[in-house]
Amino acid sequence: MGPEKNSIADIHRQLVEGCRKGDRQAQFGLYKLYYKAMYNTALRIVKTEQDAEDVMQEAFLSAFEKIGEFKGEVSFGAWMKKIVINRSLDLLRTKKVTFEDIEKAEIREDVTSGEDEADKTEQAYDAVKIRDAIQALPDGYRTILSLYLLEGYDHEEIAGILGISPVTSRTQYSRARKKLKEQLRRKK
């Protein structure tokens with residue numbers, strides 16, 4: 001298993017080096033390797049397929065222009081994902097979606113000290129229903145939920161990415177989960 005892993009790392013390293021030299025085939029090779037994952041990352045944040053495609057294309061162009069800044073401290077995929085996430089968030093900002101807008105538009109939320117019985121029981125949901133329910137969330141909620149659950153960022157990292165406090169990230173995540181559960185219950 002070791003030699004196979006090294007050969008994959010070597011291939012990635014060779015493609016990155018080729019990109020640094022302006023080799024179009026190397027750029028296409030990296031694009032083919034990471035296209036689907038980066039598209040899915042963008043789609044989870046920006047909602048529409050067209051926006052995700054646009055974000056992904058812009059992110060790859062940006063990555064190839066800034067390939068000299070890639071130091072190899074993290075994998076190319078992790079570096080690329082950060083670019084995709086930032087481009088996705090830029091798109092949301094251009095659409096003037098802010099977390100304050102979500103706060104203002106939110107219907108009165110009853111705050112309870114404990115979880116209700118429905119929250120305590122695990123419920124199985126169809127993957128398509130979950131995906132559709134996430135996509136139906138307001139942009140800010142969907143962004144926090146995607147960054148935390150799907151992309152694996154913690155609240156401190158999300159706070160840094162979005163320019164909010166970790167407490168706000170946790171609060172928005174909690175509200176996003178609650179709203180998602182409500183939507184899933186309605187779709188049953």
Subset of LYS32/LYS81; LYS21/LYS66; LYS36/LYS179; LYS47/LYS179 violating a 23 Å alpha-carbon distance limit: LYS36/LYS179
Cβ-based net charge around GLN27, under 14 Å, with every Lys or Arg adding one and every Asp or Glu removing one: +2
Förster-model FRET efficiency, 30 Å R0, SER62 and VAL128, C-beta, rounded to 0.05: 0.40
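No value in this document is a laboratory result; all are computed from the given coordinates. Note that the structure is predicted; figures quoted are calculated from it, not measured. Note: ideal-geometry Cβ built from the backbone for every residue, glycine included; neighbour counts use all protein chains shown.
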